[in-house]
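Have a look at the structure below, then the notes.
The values are calculated or read from the model by the stated rules, or taken from the named source; none is laboratory data. Predicted, not measured: the structure shown is a model, and the values here were computed from it. Reconstructed Cβ throughout: ideal geometry from the backbone, glycine too, with neighbour counts over all protein chains shown.
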Amino acid sequence: MTLKSLAIKGMLDEARMKSASVLAVLCMIFAGPPAQAQLALPGTVAPNPAGVRVPEPHKTPKAAATYAPPSAATVIGRALLLNGANGLLQFSGQADALRIDRLTMLGEVISDSTQQCRIDVGGGATIETKSLGRPDGLLRFEADIPACPFEFDILDGSVLVPVQLQSCIFKDADCQANPSGLWGPDGARIVMDVKAMEQARARAEAAMAANYRALDARLKDRAKADDLAREQNRFLSDRDDICRAYSHENMYNFCAIRLTEARAAFLKARTDELRDVVAKSRGSAPHHRKPPQ
């Protein structure tokens, strides 16, 4: 091979090497960096192979918080005062046969509303009650008093009597009184340190919030969900109004804790009702036969 041919061959080989190097660099630039394994974090959704983000699956609402409603044993034998300040309510018996041993109420004189009076309902005789089950999640009883029939729910160490539209009239004693409110321990003698009170309040609030979310998640009708939200806000306002009258409430929050627990039980009961209705509707759904092939 002549010197001229060797020179031409060398130039061609050098050109080929440069072209190969340029091509390799271009491939690296346009191909991008090598793929790396991705770490999936909880709650995140990784893109599918096509690069399209897959929507998160529907999240099932958390179950309502476990709440064990108190038994009648928490009030038997205890001296309960209306708003922790006046009157007296004492029980005996068992959960399914609760009796009122003593009921005294502070009221006003019928003939002179400026004067106070104290009425010993039943004259000290035992008053029978009737169990009404747990319509709102708590044990409920009805007091069989001709002049003053009322219902009450059992809370932990206390009894809640709903608002009565009219006071009880005791004509022979010229006295009228209203049992509505929270009957609990003497507010001035409650033994509860600040830390225990804060923990009890936190537990009650957490149970109420969880049960509210669970019930709201089961409501398919948004109008009903909006009603529930308004009802919840109304409860918070009513709780403040009711508990403002409880003795030493600003120190122990006894009333607020008990009413919050009652609300949690109520929301849990409504959630369970909806769950049972759905279960029954599914169980009673007609079975359709497959059409013949």
Could you tell me whether the stretch 147-154 includes any residue that is in contact (Cβ under 8 Å) with a residue 12 or more places away in the chain, part of a loop (DSSP other than H, G, I, E, B) and within 28 Å of the chain's Cα centre (by Cα)?
-> no
Residues that are in a loop (DSSP other than H, G, I, E, B) and more than 18 Å from Lys171 (Cα to Cα), drawn from the stretch 113-143 | Ala125, Thr126, Leu132, Gly133, Arg134, Pro135, Asp136, Gly137, Leu138, Leu139
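Residues Arg203, Arg140, Arg134: which one is of a type in the set (Lys, Arg) and not assigned by TED's automatic domain parsing to the domain that holds Gly93?
Arg203
Check whether at least one residue in the stretch 259-274 is more than 25 Å from Leu139 (Cβ to Cβ), free of Cβ contacts under 8 Å to residues at least 40 places away in the same chain and not assigned by TED's automatic domain parsing to the domain that holds Leu106, and report yes or no. First the steps, then the outcome.
The initial filter retains those residues of the stretch 259-274 that are more than 25 Å from Leu139 (Cβ to Cβ), namely none.
Among the residues of the stretch 259-274, not one is more than 25 Å from Leu139 (Cβ to Cβ), free of Cβ contacts under 8 Å to residues at least 40 places away in the same chain and not assigned by TED's automatic domain parsing to the domain that holds Leu106, which makes the answer no.
So how many residues does the stretch 206-233 have that are polar (S, T, N, Q) and over 23 Å from Ala279 (Cβ atoms)?
Let us first name the residues in the stretch 206-233 that are polar (S, T, N, Q), namely 211, 232-233.
Subset that is over 23 Å from Ala279 (Cβ atoms): 232-233.
Of the residues in the stretch 206-233, 2 are polar (S, T, N, Q) and over 23 Å from Ala279 (Cβ atoms).
Here is a check on your reading of the model: is Ala264 surrounded by fewer than 20 Cβ atoms within 10 Å (Cβ to Cβ) and of a type outside the set (Lys, Arg)?
On the way: surrounded by fewer than 20 Cβ atoms within 10 Å (Cβ to Cβ): no; of a type outside the set (Lys, Arg): yes.
No; evaluated as a whole, the condition is false for this residue.
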Counted residues in the stretch 93-112 being in a strand (DSSP E or B), among the small types (Gly, Ala, Ser) and either more than 15 Å from Phe152 (Cα to Cα) or not assigned by TED's automatic domain parsing to the domain that holds Asp172 (or both) come to 2
Within the stretch 143-184, count every residue that is surrounded by 18 or more Cβ atoms within 10 Å (Cβ to Cβ), more than 19 Å from Phe266 (Cβ to Cβ) and either in contact with a Lys or Arg (Cβ under 7 Å, 6 or more places away or on another chain) or outside the structural domain of Gly77 (by TED's automatic domain parsing) (or both).
-> 0
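Got a number for residues in the stretch 192-208 being part of a helix (DSSP H, G or I) and in contact (Cβ under 8 Å) with a residue 24 or more places away in the chain? Steps first, answer last, please.
Keep residues of the stretch 192-208 that are part of a helix (DSSP H, G or I), which gives 194-208.
Next, only the ones that are in contact (Cβ under 8 Å) with a residue 24 or more places away in the chain stay: 197, 200-201, 204-208.
Total satisfying the criteria: 8.
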Expected single match for at pLDDT 95 or above and under 23 Å from the mean Cα position of the chain (by Cα) among Ala200, Ala207, Ala177 is Ala207
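Give me a count of the residues in the stretch 69-92 that are assigned to a loop (DSSP other than H, G, I, E, B) and either touching a helix residue (DSSP H, G or I) at 6+ places or on another chain (Cβ under 7 Å) or closer than 13 Å to Pro185 by Cβ (or both).
Just the residues of the stretch 69-92 that are assigned to a loop (DSSP other than H, G, I, E, B), to begin with: 69-71, 75, 77-79, 83-85.
From what's left, either touching a helix residue (DSSP H, G or I) at 6+ places or on another chain (Cβ under 7 Å) or closer than 13 Å to Pro185 by Cβ (or both): 69, 75, 77-79, 83-85.
Number satisfying all stated conditions: 8.
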